[in-house]
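Heads up, the thing below is written out as structure tokens.
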Amino acid sequence: MLEGQPVGADVAVLDPPRTGAGRDVIKLLAAARVPRVVHIGCEAASFARDIGLYRSHDYVVEKIRVFDAFPLTHHVECVALLTC
């Protein structure tokens, strides 16, 4: 989806499915040198994996917030701001 897009995006906002964004999407963002990424995750394990992938591409975690959007369940929404 990023391929063929105009160069120079200031920010990317991702809200992937529970499986996460994954290696290929994060690699494309890093190659496009998007300076700010807002990543939303609804599954903690894939969210943590994706954050590690961003870090391997020199992104820095500026903020992480966790929201209990579904009280009395184990589900949470995680939001991270990453910069490079």
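Looking at the stretch 37-60, which of its residues are part of a strand (DSSP E or B) and either among the aromatic types (Phe, Trp, Tyr) or under 10 Å from the mean Cα position of the chain (by Cα) (or both)? VAL37, VAL38, HIS39, ILE40, GLY41 - these are the residues of the stretch 37-60 that are part of a strand (DSSP E or B) and either among the aromatic types (Phe, Trp, Tyr) or under 10 Å from the mean Cα position of the chain (by Cα) (or both).
Which of the residues spanning the stretch 46-71 are surrounded by 14 or more Cβ atoms within 10 Å (Cβ to Cβ) and of a type in the set (Ser, Thr, Tyr)? Answer for the stretch 46-71, where residues must be surrounded by 14 or more Cβ atoms within 10 Å (Cβ to Cβ) and of a type in the set (Ser, Thr, Tyr): SER46, TYR54, TYR59.
Looking across the stretch 20-32, just one residue is exposed (fewer than 12 other Cβ atoms within 10 Å of the Cβ) and modelled with pLDDT under 95, and that is ALA31. GLY4 falls short on exactly one of the conditions (1) assigned to a loop (DSSP other than H, G, I, E, B); (2) modelled with pLDDT of 95 or more, and that condition is (2). Restricting attention to the stretch 67-84, and to residues there that are assigned to a strand (DSSP E or B) and of a type in the set (Val, Ile, Thr), which single residue is nearest to the chain's Cα centre (by Cα)? Across the stretch 67-84, the extreme among qualifying residues is VAL79.
The values are calculated or read from the model by the stated rules, or taken from the named source; none is laboratory data. Predicted model, so just to flag it, every value in this text is computed and none were measured. As a convention, Cβ positions derive from the backbone with ideal geometry for all residues, glycine included, and neighbour counts pool all protein chains shown.
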